[in-house]
Amino acid sequence: MTAPSSTPVGATTTDLDVAALQRRTLRVLLASQVLAGAGLAAGVTVGALLAEDMLGSTGLSGLPAALLTLGSAAAAVGVGRISQRSGRRPGLAAGYFVGAVGGAGVVLAAAIDSVPLLLVSLLLYGSGTATNLQARYAGADLAAPQRRGRAVSTVLVATTLGAVAGPNLVEPMGAVAAALGIPELAGPFILATVAYALAGVVVSLTLRPDPLVTARAIADEAARAATAGPDSRTDTARLRLGATAMIVTQLVMVALMTMTPVHMRDHGHALGAAGLVISLHIAAMFLPSPVTGRLVDRYGRRPLIAAAGVTLLAAGLLAATAPPDSVVLLAGALILLGLGWNLGLVAGTALLTDAVRLQHRARTQGTVDLGVALAGATGGIGSGLIVAATSFAALGLAGGLVALALVPSLLVSRSRAAAAEPATAGRSA
C-alpha cells in the first residue's frame with residue numbers, strides 16, 4: 001500500500017514518525033487552504049449578482065449557487081475516487097485545477113456576455129469548492145481518533161484568511177476588471193482563478209508523503225501484527241448521522257447566504273456592505289474551527305450537532321425578523337448561520353471519519369460530499385424561487401425550521417449507535 005512518493009525507499013511504516021508526518025501534512029494544507037479560501041469566497045460574494053445582471057431575473061439569481069454546488073457534487077465524487085485510488089495529493093490537485101479553469105471561464109463569459117459559457121463555467125468552478133472541503137479529510141487521515149476534531153478544524157480555519165479577504169477584495173478586483181474592459185462583477189473571479197491554480201500547485205509539489213496512502217500502509221502493518229482496530233469496520237448509524245448533519249447544515253447555509261446580497265441590494269445597500277456581511281459570515285464559518293474542534297473532541301460529536309441545529313434555527317429567525325435596512329442585524333444572522341454550519345461540519349466530519357473503515361474512507365467521504373453538494377444546489381435553486389414567490393423573511397423562517405431536522409436524527413441515531421462507540425476517549429460521539 002506504500003508508494004514511492006509517500007514512504008522513503010527501504011523504510012517501513014514503523015520507521016515513520018506519524019506525529020511529524022501529521023504536522024507536515026497540516027502545514028501544507030494550511031498553505032493551500034489560505035489560497036483556496038480566497039477562490040471560494042470571491043466568487044460566492046458576487047455570483048448571484050452577476051447572474052441577476054446577465055439573466056435579468058431575480059428568480060434565477062440563485063442559479064449560480066445551484067450550478068456551483070452541482071459542479072461541486074460531481075467533483076466531490078471525482079476527487080474522492082481519485083483519492084481512493086491514488087491518494088489525496090492527486091485528488092486535491094486535480095480538483096483545484098478544474099476550479100481554476102471554471103473561474104477563468106466565468107471571466108470570459110462575462111466579457112463576451114455568453115450565458116451558456118457562464119453556466120458551464122460555474123459547474124467547473126464548483127470543483128474548487130468541493131476540493132476545498134475535501135481537504136479537511138486529508139487533515140484527519142493521520143490523526144488519532146481523539147484528535148480528529150482538532151485536525152479537521154485546523155484545516156478549516158486556514159480557509160479563514162483567504163475567505164475573509166476575498167469578499168473585501170470585491171471592489172478592488174472590480175476596478176481591475178473595469179480596467180481590462182470587462183464587467184466589474186467578473187473581477188472576483190479573476191482572483192478565484194489565480195487562487196485555485198496556486199492552491200493546486202502547492203498541493204502537487206508539497207503534499208508528500210501522501211497522508212491517505214501513508215495511513216493505509218500503517219493500518220496494514222498494524223493489522224498484520226495484531227487484530228484490526230476500530231477502523232476495520234463501518235458503523236452505519238454514525239455514518240448516517242454524520243452525513244445528515246453535514247447535508248442539513250449545507251442546505252440551510254447556502255440558501256440564506258445566496259440570497260442575502262440580493263436582498264441587501266434590493267433594499268439600497270452598497271456592494272461593499274454586502275461584501276462586508278458575507279466576509280463576516282465566512283469568518284464565522286471557519287474562524288471558530290479551533291474551538292469547535294476541541295469541543296467536538298472533548299464533549300463528543302452528537303452534542304455539537306445538536307448545537308448546530310439550534311444555532312441555525314436562531315440564524316433563520318433573526319434573518320426573518322431583521323429590518324431590511326439594518327446591516328448590523330443581517331450581519332448577526334449571517335454570523336450565526338456561519339457558526340451553525342461550522343459546528344455541523346466539524347462534528348459531522350469527525351463522526352463520519354470515526355465510522356468508516358480506512359480502506360473505503362476516501363470513496364465514502366466523496367459520496368457523502370456529493371450529498372452535501374446536492375443539498376447546497378437545492379438550497380441555491382430554492383432560495384431564489386422562495387424569495388421571488390414570497391419574501392426573504394419566509395426564506396429565513398423555512399431555513400430555521402429545516403435545521404430542526406437534526407434533532408430527530410440525533411434521537412433516532414443515539415440508541416442504535418451507543419453500543420458501537422469506539423473506546424478511544426470514551427467521548428468521541
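Being modelled with pLDDT of 90 or more, farther than 20 Å from SER289 by Cβ and in contact with a Pro (Cβ under 7 Å, 6 or more places away or on another chain) is true for just one of LEU329, LEU401, LEU397, LEU339. Which residue is that? Going through LEU329, LEU401, LEU397, LEU339 in turn, the sole match is LEU329.
Comparison of VAL120, VAL194, VAL101, VAL155 shows that the only residue that is within 23 Å of the chain's Cα centre (by Cα), part of a helix (DSSP H, G or I) and surrounded by 24 or more Cβ atoms within 10 Å (Cβ to Cβ) is VAL155. Screening GLY87, GLY126, GLY80 for residues that are modelled with pLDDT of 85 or more and either β-branched (Val, Ile, Thr) or under 29 Å from ALA331 (Cα atoms) (or both) leaves exactly one candidate, GLY126.
Look at GLN134 and say whether it is out of contact with any strand residue (DSSP E or B) (no Cβ under 8 Å at 6 or more places or on another chain), farther than 21 Å from GLY37 by Cβ and among the polar types (S, T, N, Q). No: the conditions fail for GLN134.
For segment 245-268, state whether one or more residues are of a type in the set (A, V, I, L, M) and surrounded by fewer than 19 Cβ atoms within 10 Å (Cβ to Cβ). Checking segment 245-268: not a single residue is of a type in the set (A, V, I, L, M) and surrounded by fewer than 19 Cβ atoms within 10 Å (Cβ to Cβ). Selection of segment 158-191 for residues being of a type in the set (Gly, Ala, Ser) and either free of Cβ contacts under 8 Å to residues at least 12 places away in the same chain or part of a loop (DSSP other than H, G, I, E, B) (or both) yields ALA178, ALA179, GLY181.
Of the set (1) of a type in the set (S, T, N, Q); (2) over 30 Å from ARG147 (Cβ atoms); (3) within 18 Å of the chain's Cα centre (by Cα), all apply to THR260 but (3). Among the residues of segment 298-308, is any at pLDDT 95 or above and among the hydroxyl-bearing types (Ser, Thr, Tyr)? The answer is no, given that none of the residues of segment 298-308 is at pLDDT 95 or above and among the hydroxyl-bearing types (Ser, Thr, Tyr). Based on this model, can you work out whether ALA362 counts as in a helix (DSSP H, G or I) and surrounded by fewer than 24 Cβ atoms within 10 Å (Cβ to Cβ)? In short, no.
The values are calculated or read from the model by the stated rules, or taken from the named source; none is laboratory data. The structure presented is a predicted model; accordingly, all values stated were derived computationally and were not measured. Glycine gets a Cβ as well: all are built from the backbone with ideal geometry, and neighbour counts include every protein chain shown.
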